[in-house]
Amino acid sequence: MGHSRRDNATRVNKIRQFLKKLVFKILGKDPEAVVLSVLSGDAPLASAMATEFRSLVPARRHLTIRLASPNETSCAQQDSCFTIAPGSTRDIYSQLRRELRRLRIGQAAVLFTPDHSFTPLRCAVFLMCPSKILAFNANLERHHLQLRT
């Protein structure tokens, strides 16, 4: 007559999934998180970073963010690609909020190189998801950015 632990775990899991869908429906967001590859550096290096990030997180939907420029690499075909107009951090942040408003960001890979022309893009992405940045350096070594006191 008693329920097994497995039955209880299955029941709890179904309740969690229902609540997750309900909460994100109320918020107007997709319950499944997406991951961003932010092309914020030299085109070949940024492309290599995006490829590596796709291999690290294959189960999630991948989006690519890049600044509008004639020298910029094109986005990979399997990605949804957003081209953002260059501007101040505030302008770029506004564009990102508009483009990604219905999406929940699970993680964002950002390339950090000495090229300062991408600083507003990097800052805007950091403002969008400060605790979810996977930073890649020029050697494609990755580090999780964390706010510390």
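Among the numbered criteria (1) open to solvent by 40 Å² or more (accessible area, probe 1.4 Å); (2) touching a strand residue (DSSP E or B) at 6+ places or on another chain (Cβ under 7 Å); (3) not small (Gly, Ala, Ser), which single criterion is violated by residue 18?
(2)
Residue by residue through region 19-40, note down the ones that are within 30 Å of residue 111 (Cβ to Cβ) and of a type in the set (D, E, K, R).
Within region 19-40, 29, 30, 32 qualify.
Report, ordered by the first and then the second residue, all pairs with beta carbons closer than 7 Å, sequence separation of six or more or different chains, a first member in region 8-33 that is modelled with pLDDT of 80 or more, and a second member that is small (Gly, Ala, Ser) and surrounded by 11 or more Cβ atoms within 10 Å (Cβ to Cβ).
33/106
Suppose the filter is hydrophobic (A, V, I, L, M, F, W, C) and either touching a Pro at 6+ places or on another chain (Cβ under 8 Å) or in a loop (DSSP other than H, G, I, E, B) (or both); does residue 53 pass it? Lay out the reasoning, then the answer.
On the way: hydrophobic (A, V, I, L, M, F, W, C): yes; either touching a Pro at 6+ places or on another chain (Cβ under 8 Å) or in a loop (DSSP other than H, G, I, E, B) (or both): no.
Answer is no for this residue.
Assuming residue 72 fulfils every condition listed in (1) among the acidic types (Asp, Glu); (2) at pLDDT below 90; (3) open to solvent by 40 Å² or more (accessible area, probe 1.4 Å) apart from one, which condition is it?
Checking residue 72 against (1) among the acidic types (Asp, Glu); (2) at pLDDT below 90; (3) open to solvent by 40 Å² or more (accessible area, probe 1.4 Å), the one that fails is (3).
Which of the residues that make up region 43-59 are open to solvent by 80 Å² or more (accessible area, probe 1.4 Å) and within 21 Å of residue 96 (Cα to Cα)?
Hits for region 43-59: nothing passes.
Tell me yes or no: at least one residue of region 27-40 is more than 29 Å from residue 116 (Cβ to Cβ), assigned to a strand (DSSP E or B) and open to solvent by less than 70 Å² (accessible area, probe 1.4 Å).
Of all residues in region 27-40, those more than 29 Å from residue 116 (Cβ to Cβ) come to 27-33.
Within this subset, residues satisfying the condition of being assigned to a strand (DSSP E or B) are 33.
From what's left, open to solvent by less than 70 Å² (accessible area, probe 1.4 Å): 33.
Yes - at least one qualifying residue is present in region 27-40.
Just need a number here: residues in region 101-132 that are assigned to a loop (DSSP other than H, G, I, E, B) and either among the polar types (S, T, N, Q) or open to solvent by 40 Å² or more (accessible area, probe 1.4 Å) (or both). Give the derivation first.
Within region 101-132, the first condition is being assigned to a loop (DSSP other than H, G, I, E, B), and the residues that meet it are 101-103, 112-115, 129-132.
Among the residues that remain, those that are also either among the polar types (S, T, N, Q) or open to solvent by 40 Å² or more (accessible area, probe 1.4 Å) (or both) are: 101-102, 112-115, 130-132.
Selection size over region 101-132: 9.
The values are calculated or read from the model by the stated rules, or taken from the named source; none is laboratory data. Source: prediction; values computed, not measured. Glycine gets a Cβ as well: all are built from the backbone with ideal geometry, and neighbour counts include every protein chain shown. Heavy atoms of the whole protein, side chains included, go into the accessibility calculation; ligands, DNA and RNA do not. Shrake-Rupley method; radii C 1.70, N 1.55, O 1.52, S 1.80 Å.
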